[in-house]
Every structure is written in C-alpha cells, then in structure tokens.
Amino acid sequence: VVGYMSGDIKLSHPIGQLLIPVLQGHRSARMTPMCIDTHELGLSRSPQSFQDTLRKHCVGGYVHMRGHSAAEAAQLINELGVHVLVNLNGWAGEDRLDVFTHRPAPLQINALGYAGTSCCTFIDSLLSDAVSTPPELRRQYSEALLLLPPSHHVLPHKKLYGESQATPPYPRELLGLPPPQQDL
C-alpha cells in the first residue's frame, strides 16, 4: 500500500488536482494507492464529482484522519499496512511531519508539495526532477533523490489540451511578455 498523505486533498488546491493522475497511474496490484486526508474538513470541501473520482482511483481506501495525535495517526497508518508513505505537503500548510517522526511506514517520501530538502532524518527520499532539484546539489539534501524526467508533476495534458495547443490561452503581449525568442 502506498499512502498519499496531505491536508490539501481538495479540488481547489494543486495537490488535489495533481494527485488524481498519480492515482490513475497505479496499475500494479502490488502498489495499491490510499489517500490519507489530514485536513479537519476532509473531502467535504470539494464537489461530489471530485470526491467520487478520488475515491474511485484511491483503491486502497480514503482515510480522513481528523483529531489524531501524531502517535495515534502513525499507529493507524501502520495498522493499515502502508509500506510507502508519501508526504504531499512538505513544510507547507496542513503538514503532519510530526506523524512521520514515528516512522509509521518502512519507506517515507516527500513529493509534489515541496521540492526542497526537509532536512529530516525520518524522510528517506525526495521525488522531484532535475530542474526543481539540481543533481549537482545532491549533497545539500538529507534525502535520497528520486528524479523523474522531465518533471515531477504528473499532469493529464492530453486530456486537458489534446495533442497540441496551437495558441496559448492569452497572447503574450496582453500579459506584458516579450515575443518568444526564435532559434538562431
């Protein structure tokens, strides 16, 4: 079981939007995704269509972890059989790094929410990319780097935009941007 833990699992937050394609990417029966929501209101902050989509792709279950101490949350995560626990918040927002200090899963990873080092010995790896996390700075990170090409953000571009997007949604001039540079 791969547990994705965040206080930002909602439609109106990038984590919620980025999580759906990640969950859809789980194809192996050996890696069952579970969502662990640490926000007080849980999914009630999102429309029913988002809730249904999330629950459909979170085949390992959706756990609304409200009111648990760090030790209680860690025990529950361990009892749920989570082997890989992914922190989607980093140091931001509704982070629950206090739960990770109890080492509820054998492998603990930071991903999506923060591409910098956590400086925490209880976080094993950082899932990122070579632009957000330059490999030449590897020694500056407390975690092992798991760098994805070309980006650590999994987006459903083809579904949203088709094979190609001929024109940007807004002309560059309208946004006060210079014209694109031409290759020489």
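Which residue pairs have Cβ atoms closer than 6 Å, lie 6 or more positions apart in sequence or on different chains, and pair a first residue in the range 135-153 that is in a loop (DSSP other than H, G, I, E, B) with a second residue that is at pLDDT 90 or above and surrounded by 12 or more Cβ atoms within 10 Å (Cβ to Cβ)?
So the pair list comes out as TYR141/THR117; SER142/THR117; GLU143/ILE123; GLU143/SER125; GLU143/LEU126; HIS152/LEU127; HIS152/SER128.
Could you please give the count of residues in the range 99-131 that are at pLDDT below 95 and charged (D, E, K, R)?
1
Pairs, please: C-beta under 9 Å, at least 6 apart or cross-chain, first residue over 10 Å from VAL59 (Cβ atoms) and in the range 25-36, second basic (Lys, Arg) and assigned to a loop (DSSP other than H, G, I, E, B)?
Pairs that qualify, where the first residue is over 10 Å from VAL59 (Cβ atoms) and the partner is basic (Lys, Arg) and assigned to a loop (DSSP other than H, G, I, E, B), are ILE36/ARG96.
Every residue in the range 94-115 that is open to solvent by 20 Å² or more (accessible area, probe 1.4 Å) and in a loop (DSSP other than H, G, I, E, B), please.
GLU94, ASP95, ARG96, THR101, HIS102, ARG103, PRO106, LEU112, GLY113, TYR114, ALA115
Identify all residues within the range 13-34 that are in contact with a helix residue (DSSP H, G or I) (Cβ under 7 Å, 6 or more places away or on another chain) and either open to solvent by 10 Å² or more (accessible area, probe 1.4 Å) or at positive phi (or both); write none if there are none.
Across the range 13-34, the qualifying residues are ILE20, GLN24.
Taking the options LEU80, LEU43, LEU76, name whichever one is farther than 27 Å from TYR141 by Cβ, over 15 Å from the mean Cα position of the chain (by Cα) and touching a residue at least 60 places away in the same chain (Cβ under 8 Å).
LEU80
The values are calculated or read from the model by the stated rules, or taken from the named source; none is laboratory data. These numbers were taken from a predicted model, which means no experiment stands behind them. A quick note on method: Cβ atoms are made from the backbone with ideal geometry, for glycine too, and the neighbour counts reach across all protein chains shown. To get the accessible areas, we keep the full protein, side chains included, count just its heavy atoms, and leave off ligands, DNA and RNA. Shrake-Rupley method; radii C 1.70, N 1.55, O 1.52, S 1.80 Å.
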